[in-house]
Amino acid sequence: MSEKSENLHGVDEWADRIRDASPGADAQAVRKVVSDIYRAAQDELDKKRAQAEYEREE
């Protein structure tokens with residue numbers, strides 16, 4: 001997933017919130033954690049959607 005599409009979903013805003021809550025946190029590390037969480041959540045949603053579609057077709 002490109003950085004541009006991640007920004008559309010608020011990755012930078014969430015990273016800013018985490019940095020605000022954790023003074024001294026490395027900006028790149030925080031953004032990577034947020035991006036990883038976002039990707040994992042998207043993957044899980046995709047799996048659930050695929051399963052639901054499969055069940056509808058059966």
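The values are calculated or read from the model by the stated rules, or taken from the named source; none is laboratory data. No experiment lies behind these values; they were computed from the predicted model shown. Only protein heavy atoms, including side chains, enter the accessible area calculation; ligands, DNA and RNA are left aside. Shrake-Rupley method; radii C 1.70, N 1.55, O 1.52, S 1.80 Å.
Here is how the numbers come out for the structure above:
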{"item": "Solvent-accessible area per residue for the chain (1.4 angstrom probe, square angstrom)", "result": "82 Å²"}
{"item": "Karplus-derived 3J(HN,Hα), 6.51/-1.76/1.60, for each residue of the range 20-35, Hz, glycine and proline x", "result": "4, 7, 10, x, x, 5, 5, 4, 5, 5, 5, 4, 5, 4, 4, 4"}
